Each structure stands twice: as structure tokens, then as C-alpha cells.
Amino acid sequence: MAQETEYAIEVDRLTKRYGDLLAVDDMSFSVKKGELFACLGPNGAGKTTTVEVIETIRAPSSGKVMLLGMDVTKKKQEIVRRIGVLPQGFSSFDRITVKETIQYYARLFGGKKPDVNALMALVNLTEKAGERYKNLSGGLQQRLGIAIALVNDPEVVFLDEPTTGLDPKARREVWHVLQGLKAQGKTVLLTTHYMEEAELLADKVAIISRGKIIALDSPGELIEKNAGCSILTLRSADARVPEILRALGFQPVLDPDNDKDIKVPVHQNDDVREILNAVQDAGASCSALDLRRPNLEEVFLKLTGEALHESAPRGGGAS
Amino acid sequence: MNLRVIYANLYVKLISVYREKTAMFFTLAFPIILILVFGTIFMSEDNIGFHLCVQDLDQTKTSQKSVKTLEESGKFKITRVDPTASAARYVQDNKVNLVLVIPKGLEKSLMRRMAFKNYSANAVITYVYDPSSSSVPAKVEILNRVLAGINLEISGSPPFLRPVQKSILTKKYRFIDFFIPGIIAMAVMTLSLFGTVDLDTELRQKGIIRKLCTTPITRTDWILSNMLYQFIIALVATAAMLLVSFAVFQVSLHLNGWLLVFILLDVFAFVGIGMILTRFVKEAQSAAAAANAISFPMMFLSGSFFPIELMPSFLQTFAKMLPLYYVNEGLRSAMIFQDNGAALRDCAVIGIFAAVVFIVGLMATAWKEGQ
């Protein structure tokens with residue numbers, strides 16, 4: 001019998017080992033109902049293993065995990081009916097169309113028939129209803145995966161790296177869908193290694209590194225508590241600018257999504273003045289300038305001492 | 001067991017295979033091509049005509065009569081070689097594998113034997129042959145039989161022992177009739193084994209199984225739907241093979257319930273083996289190689305293509321340990337001899353094997369990551 005609780009997920013001292021490898025190390029956290037909770041960390045941090053234990057796919061080595069008041073090691077059949085899962089690297093049957101795929105998963109769950117058209121509309125796939133899975137772009141495949149995760153009208157939705165490898169446009173479309181889920185009051189557990197994604201969508205973020213949670217709070221609080229500097233962004237196509245900044249002792253980073261944007265951590269206003277003067281003296285052009293507080297990426301870097309790894313984009317954008 | 005879930009899985013698999021028409025065509029085409037090729041070869045088995053070169057050095061009525069007897073045996077198409085030529089050179093130059101040489105003095109020797117009762121008088125027929133040719137032994141064997149008949153005729157005494165062939169079957173069956181049940185058993189084996197291995201490894205590698213683990217589908221539902229799918233594919237393939245066999249070769253086979261029983265057991269046994277293989281061999285290529293390693297010896301040693309009596313005794317013993325042997329024997333008992341007792345015995349053996357393998361396969365199928 002499920003216990004009534006304000007928490008959708010309660011993880012207590014979870015440990016998961018694969019032989020000698022300690023994938024999840026004594027992890028504890030809880031997710032309130034209706035909350036969008038993000039597990040943030042690089043590849044191999046233990047995010048997926050943690051989520052798969054909660055989803056009942058993997059058995060924990062030790063510790064206790066409760067989902068909607070039920071022990072995940074004992075109530076698999078009850079739990080799977082009340083959750084929706086988009087696994088990492090989601091894939092489906094190549095020769096089955098979008099609509100047939102949603103209908104197939106709906107049949108597996110039984111019960112009340114879902115409104116397949118509404119689900120397709122929710123993830124903006126109505127026009128692709130008759131398209132076979134193998135012909136969909138990476139972004140469309142992910143959106144189909146999200147639609148499938150919702151066929152049973154789940155109380156808790158798990159999305160394991162839903163935007164990994166997608167191009168920026170496709171990523172934003174998936175974010176839009178996730179915001180819709182949040183608006184519906186669903187509890188969402190999201191794993192990602194995109195800081196921007198966690199910062200934009202999550203109510204609460206757990207920063208995970210080497211199988212442990214090293215920080216857990218709302219994105220705003222995490223930044224507030226851990227911010228040590230601001231970020232100056234210079235937009236310049238001049239290849240000399242990064243060199244000029246390095247010569248001044250700063251550590252510029254090129255934006256991977258836009259190689260004209262150069263980000264520089266700065267500690268005081270004098271730093272900004274010094275940089276601008278140096279760029280002007282060198283005769284380099286600068287088309288835009290932005291000074292902002294640090295984001296989760298800097299927080300992550302500060303807390304873990306390691307940068308988040310980003311894998312190569314997967315497939316084209318959404319249509 | 002949830003029938004709704006089993007139906008949903010079955011539907012997706014059947015639609016997938018239907019939409020992959022090339023794969024479906026080749027799946028069905030392979031056994032049909034085997035039937036057409038072997039059927040065509042063995043249909044004319046009774047009319048095999050070897051090319052035989054004969055060099056008559058005697059050039060008498062007796063030697064010519066002997067050559068005519070060889071020709072009339074229906075086994076040989078005779079080419080006469082110039083008596084002045086060297087038989088060995090002829091073999092080499094003309095790329096033939098055997099020249100039969102009738103010696104000079106054949107008629108004289110025969111006269112001596114017949115007229116003077118001189119039984120030491122004889123003639124030596126020489127076979128000049130190329131030992132590298134594989135058809136020479138068969139040719140020599142037929143020649144020996146024909147020459148034995150000529151010897152007997154020349155001796156003038158009627159044979160004492162006279163063989164008469166009496167088949168236990170009321171109807172005369174041809175090789176193709178024995179061949180088709182073996183091909184059906186073999187085709188169902190390969191479809192079930194490779195179908196399971198390919199599907200399981202593909203879905204596992206693509207992560208579809210992981211997704212299915214987060215739905216209410218159970219391992220039993222999944223396996224039963226796979227089984228049903230493989231059974232339907234096996235039935236379609238069997239129907240296609242039988243259709244071709246009846247239409248092209250007018251085979252004399254009895255279609256009865258045993259056919260369905262043996263197909264079902266064949267499917268169970270080899271889907272079970274497939275499930276065990278995919279448990280231990282995770283990569284698709286390795287799994288396919290392992291399936292090949294199992295199916296190929298089974299195909300050739302269990303009597304699908306030729307009777308196991310042609311094999312050395314230790315291989316015959318080994319053949320009787322192979323599950324496919326009992327499907328072959330069972331199908332032949334049912335479809336040719338209509339021997340229910342023998343079919344039941346074979347059914348019991350393959351049934352026990354299928355049950356054991358299937359249960360092990362069921363237990364071996366991982367339905368949770370990390371199991």
C-alpha cells in the first residue's frame with residue numbers, strides 16, 4: 001500500500017555498484033510532487049544509474065528508494081503504471097509510424113485510452129503522424145519519446161538527457177514541451193548536462209559528480225551561494241581578442257554555440273575597464289558587450305573543478 | 001499473461017516485417033531456392049547419363065555388341081575413341097575423366113572359352129581415368145555393374161540369386177518427397193533461431209528493451225509474443241515451401257496435424273536456444289556468429305539434406321543427439337509414412353528438449369538492466 005506523502009521521490013542513502021565500480025555513492029535527496037527536479041552532471045557522474053534505480057530498471061546495491069510512497073524494489077508493476085520514462089538515447093521500432101508507436105505503448109498500459117492526437121499535438125508531431133520512426137530527425141524522435149512517456153498520464157515523468165545531441169533549435173522545442181508538463185503540475189525528474197536547461201526549467205537542481213550529490217538547491221540559490229565572479233561576454237570576430245585577454249591574465253572561453261562570443265570571468269568593475277581598454281588599444285572591434293552574474297556552469301566548475309562534457313549533436317533540427 | 005499486451009507486440013512485429021519486404025522475400029526465398037535446386041537435381045536422378053569414352057581395339061562383332069550393351073543400359077552416352085589413339089593422351093587432351101579400353105583379341109578369347117570350354121581365357125577391360133575427377137568412382141561403379149551383367153550373359157547360365165525390390169510403402173516415393181520435410185524442419189530452425197537472435201540483440205542495442213522495462217509488459221508477455229510471431233512466420237514459410245513443392249514437383253506428402261505440432265516444437269526449441277544465446281552474447285554480430293555455429297552443423301548432420309546412414313557411425317550417434325534430427329524424423333514419419341507411433345516418439349523427444357531449452361531461455365532473458 002502506498003503511503004501518502006508530499007514527496008513524489010525519496011532517495012535515502014542509495015548506493016549502486018558494478019563490481020568494483022561505485023556508480024552511485026550514498027546518495028540522498030527527495031523530490032516534491034509537482035516539482036521539476038534536475039540532476040546535473042557530466043557523463044559518467046551517476047545520473048542515469050540513479051534515475052534507472054528509481055524507474056525500477058536497476059536494483060540498488062543498498063539504500064532505500066520510495067516512489068509515490070512505494071518501495072521501488074517491491075512494487076515494480078504498480079510503479080510503472082504511474083510513471084512515464086524517456087530513457088537516455090531513446091529509440092523505437094524503425095518501421096512503425098509516430099501514431100502507431102504511441103498507440104502501441106498505450107496498449108501496453110491499457111486502462112483509459114489516451115487521446116493520441118492530443119499527445120501528438122502536445123509535442124508538435126501532428127504533421128508527422130504517418131512518418132516512420134527511422135525517417136524522423138533526432139529532435140522529432142526525442143519529442144516522440146516524450147509523447148510516449150506521457151501515454152499513461154503519469155504522475156512522475158523521468159526524462160534522461162532529453163536534449164543531448166540536439167541542435168539549439170530542437171533543444172528549445174523540447175524545453176517548450178517540458179515547460180508545458182510543469183504547467184500541468186507533473187513531477188518531472190530531468191537529467192542533463194546542459195546548465196542552461198537546468199537553470200531555465202528546474203525548480204531544484206542536484207549537482208552530481210562521481211556518484212555523489214555535491215550541491216542541492218534551486219538554481220538561484222546555488223548561484224547566489226557559490227558565485228564568486230561575474231561573466232563578461234564580448235562579441236567579436238577578431239581572432240586577436242582571446243589572445244589580448246589571455247595576455248592580461250584572464251581566462252576567456254569561446255561559446256560552443258556561437259564562436260563569436262567570448263566569455264571572461266571577472267571579479268570587479270576595474271577588470272571590465274581594463275579589458276575594454278586593452279581591446280580598444282589593440283584596435284580590435286567588438287560588436288556587443290554583456291556583463292552578467294555567473295550561471296550554473298560556473299557554479300559547477302567551481303564546485304567540481306571539472307567542465308561539463310558535451311557530446312556531438314544528434315541529428316537535425318525539428319521541423 | 002496479458003493478451004492485450006501480447007497482441008500489441010505481435011502487431012508491431014508483424015507490421016515491421018511486412019514493411020520490410022526485401023527481408024521478408026529473402027527469408028522465404030532461401031528455403032524455396034533450396035527446394036527448387038535440389039528438387040531439380042534429384043528429380044532426374046533416375047535418368048543420370050554419364051559421358052563415357054570407349055576405345056574398341058578389337059573392332060569385332062563381339063566388341064561392338066559390348067559397346068551397344070553399355071549404350072543400351074541407359075546410363076551412358078558413348079563417344080567412340082579412335083583405336084590408334086593413346087587412351088591416356090586422349091583423357092588429357094580432351095578433358096574427359098575416363099576411357100574404357102576394349103582389348104584386341106576380345107572375340108578370340110571369348111571363342112576359346114565358349115568353343116573349347118577354356119575357362120582360363122579372358123579379356124582385360126581397362127579403365128584409363130583421371131583420379132582427380134570426383135565423378136569417376138560413380139562411373140566406375142555403374143560400369144562394373146553393367147560389365148557384371150555382360151559376364152553373366154556370356155556365361156549362359158541363369159542367375160541363382162535374383163534380387164527383387166519391395167518397398168514398405170504402398171506408393172513409390174521419390175527423393176524430393178523425403179527432402180521436403182527436412183527442408184521445412186531446417187528452415188523453421190533457422191527462422192526461429194536467427195529471428196530471435198537478430199530481434200533481441202537489435203532491440204537491446206537500441207535500448208528498446210530498456211524502455212519496455214518501464215512499462216507494464218512482463219518478460220513472459222514479451223517472450224510469448226515473440227514465440228507467437230516466430231510461429232506465424234514459420235507457418236507462412238512452411239506454406240510457401242509446400243506450395244512450391246506441390247506445384248513444381250507434385251510431391252506426395254500427407255498434410256496433417258503433426259505438421260503443426262512439429263513446427264511449433266521446432267519454433268519453441270530454437271527460440272529457446274536463441275534466447276539463451278542473446279543472454280550470453282550481447283553484440284549483434286557475435287550473436288549471429290554463434291547462431292551460425294549452432295545451425296550449420298545441425299543443418300548438415302541431422303539428416304535435413306541427406307540420410308544420416310551415409311555418415312560414419314560416430315557422426316550418426318552424434319546426429320541422434322541433435323534436436324533437429326527428431327524434427328526431421330518426426331515430419332517424415334508423419335508426412336510420408338503416416339506412422340503416428342514413430343511421430344509420437346520423435347515428438348516426445350523434441351518436446352522434452354524444447355521445454356527444457358525454453359524454460360532455460362525464459363530464465364536467461366534479462367528483463368532488468370544489470371541482471
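The values are calculated or read from the model by the stated rules, or taken from the named source; none is laboratory data. The structure displayed is predicted, hence computed values, not measured ones. Every residue, glycine among them, receives a Cβ derived from its backbone with ideal geometry; neighbour counts consider all protein chains shown.
Can you tell me how many residues in region B:246-286 are in contact (Cβ under 8 Å) with a residue 24 or more places away in the chain, small (Gly, Ala, Ser) and more than 19 Å from B:VAL188 (Cβ to Cβ)? Adding up the residues that qualify gives 2.
Would a scan of region B:182-198 turn up a residue that is acidic (Asp, Glu), within 14 Å of chain A (Cβ to nearest Cβ) and within 30 Å of B:THR238 (Cβ to Cβ)? There is at least one residue in region B:182-198 that is acidic (Asp, Glu), within 14 Å of chain A (Cβ to nearest Cβ) and within 30 Å of B:THR238 (Cβ to Cβ). For region A:104-132, residues that are surrounded by 20 or more Cβ atoms within 10 Å (Cβ to Cβ), in contact (Cβ under 8 Å) with a residue 12 or more places away in the chain and of a type outside the set (Val, Ile, Thr) total 7. If I ask for residues that are surrounded by fewer than 20 Cβ atoms within 10 Å (Cβ to Cβ), away from chain A (no Cβ under 11 Å) and not aliphatic (A, V, I, L, M), which ones from region B:210-230 would you list? Within region B:210-230, B:ARG219, B:THR220 qualify. Picking from residues in region A:52-89 that are over 20 Å from the mean Cα position of the chain (by Cα), on the phi > 0 side of the Ramachandran plot and surrounded by fewer than 21 Cβ atoms within 10 Å (Cβ to Cβ), the one that is modelled with the highest pLDDT is A:GLY63.
The condition (being farther than 20 Å from B:LYS139 by Cβ, crowded, with 18+ Cβ neighbours inside 10 Å, modelled with pLDDT under 90 and not β-branched (Val, Ile, Thr)) is satisfied by just one residue among B:LEU70, B:LEU106: B:LEU106. The criterion of at least 2 residues that are farther than 19 Å from A:LEU301 by Cα is met, among strands (runs of 3 or more DSSP E) falling completely within region A:227-289, by A:230-235, A:258-266. Selection of helices (runs of 4 or more DSSP H) fully inside region B:1-84 by the criterion of at least 3 residues being more than 14 Å from chain A (Cβ to nearest Cβ) and within 30 Å of B:ALA123 (Cα to Cα) returns B:61-72.
Checked against (1) surrounded by 20 or more Cβ atoms within 10 Å (Cβ to Cβ); (2) away from chain A (no Cβ under 14 Å), B:PHE160 meets all criteria but (1). When B:VAL349, B:VAL360 are screened for being under 20 Å from B:SER225 (Cβ atoms), among the β-branched types (Val, Ile, Thr) and assigned by TED's automatic domain parsing to the domain that holds B:GLN230, only B:VAL360 passes.
Counting only residues that are part of a loop (DSSP other than H, G, I, E, B) and of a type outside the set (A, V, I, L, M, F, W, C), how many does region A:165-190 have? Final tally of qualifying residues: 5. Can you say whether B:TYR119 is more than 30 Å from B:ALA287 (Cβ to Cβ) and surrounded by 14 or more Cβ atoms within 10 Å (Cβ to Cβ), as far as the supplied structure shows? No. The set of residues in region B:93-129 being outside any loop (DSSP other than H, G, I, E, B) and polar (S, T, N, Q) consists of B:ASN94, B:SER109, B:THR126.
Within region A:57-80, the set of residues being within 11 Å of chain B (Cβ to nearest Cβ) and touching a Leu at 6+ places or on another chain (Cβ under 8 Å) comprises A:PRO60, A:ILE79. Looking only at residues of region B:199-209 that are surrounded by fewer than 23 Cβ atoms within 10 Å (Cβ to Cβ) and of a type in the set (D, E, K, R), we find that the one that is farthest from the other protein chains (Cβ to nearest Cβ) is B:ARG204. Among the numbered criteria (1) under 23 Å from A:GLY89 (Cβ atoms); (2) more than 12 Å from chain B (Cβ to nearest Cβ); (3) part of a strand (DSSP E or B), which single criterion is violated by A:THR50? In the conditions (1) under 23 Å from A:GLY89 (Cβ atoms); (2) more than 12 Å from chain B (Cβ to nearest Cβ); (3) part of a strand (DSSP E or B), A:THR50 misses (3) alone.
How many residues, within region B:130-158, are touching a strand residue (DSSP E or B) at 6+ places or on another chain (Cβ under 8 Å) and assigned to a loop (DSSP other than H, G, I, E, B)? Summing the residues that are touching a strand residue (DSSP E or B) at 6+ places or on another chain (Cβ under 8 Å) and assigned to a loop (DSSP other than H, G, I, E, B) in region B:130-158 gives 3.
For region B:130-167, the set of residues classified as over 30 Å from B:TYR119 (Cβ atoms) and in contact (Cβ under 8 Å) with a residue 60 or more places away in the chain consists of B:SER135, B:ALA138, listed by residue number.
Per the conditions (1) within 13 Å of B:CYS53 (Cα to Cα); (2) crowded, with 17+ Cβ neighbours inside 10 Å, the sole criterion not satisfied by B:ARG80 is (2).
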